[in-house]
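J.: Input: one structure, supplied below.
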Amino acid sequence: MPEPPAATAPTAREHVLPPHLESLVIGDCAGMLGGTLCLPAPLKRMYIIGNSGLTSLECLSGEHPPSLEFLFLERCSTLASLPNEPHVYSSLGYLEIRGCPAIKKLPRCLQQQLGSIDDKYLDARYEVMALKPETWKEIPRLVRERRKAAQEAKILWQSMHE
């Protein structure tokens, strides 16, 4: 079988996902998946929880970037960079990034989309929410929404592991 051209062949630390993948869940795989994860164009929903070793999420070169609708990243201690392609985040309705200390700053195109994302839960360093006395009454609602989203993500994660 002929080998792919060098420009498209993955490196030792680059992981290319199946080309028609629409949903991806990676849970508590510490050290199993390291380096760069290349995202296929059809990918819409991605959950990565408890991964140490993964350093970067990137779009496959030469392909249309994915248009994520749901992005959940939690406890990815070495993940430092996200795709800097505006199309990746243009359909994003849910965003959660918690416990990912290597992500020092969100890509500019994602920062610009934050205002249009309906449900987002970010560590404080990514988005500062001013809590003035007139907004304190919103805190119980925000807590309820956060708990509901976490429960939904947990149920989905469990259903994918059955």
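J.: Based on the mean of other Cβ atoms within 10 Å per residue, sort peptides 45-52, 102-109 so the most packed one is first.
T.: By packing density, highest mean first, the sequence is 45-52, 102-109.
J.: With Cβ to Cβ distances under 12 Å as the rule, what net charge do the other residues near Ala150 carry (K, R +1; D, E -1)?
T.: Value of the local net charge: +1.
J.: Moving on. Would you mind checking the range 38-56 for residues with the amide N under 15 Å from a putative spin-label position 7 Å along Cα→C-beta of Ser81?
T.: Only 38-39, 54-56 fall inside the zone, counting backbone N under 15 Å.
J.: In deg cm²/dmol and to the nearest 500, what is the mean residue ellipticity at 222 nm of the chain if only DSSP H runs of at least 4 residues count, each as -39500 (n - 2.57), divided by the residue total?
T.: -5500 deg cm²/dmol
J.: When only Cα pairs under 8 Å and 6 or more residues apart are kept, what is the percent relative contact order across the range 14-130?
T.: Relative contact order of the range 14-130: 19 percent.
J.: Where a ≥ b ≥ c are the square roots of the eigenvalues of the C-alpha gyration tensor, would you call the range 14-130 rounded, which needs a/c under 1.5, or, failing that, prolate if a/b is larger than b/c, or oblate?
T.: oblate
Quick note: the coordinates plus some simple rules give every number you see, no bench work behind them. For clarity, every value in this text was computed on a predicted model and none was experimentally measured. When we count neighbours, we look across all protein chains shown, and the Cβ atoms used for this are built from the backbone with ideal geometry, even at glycine.
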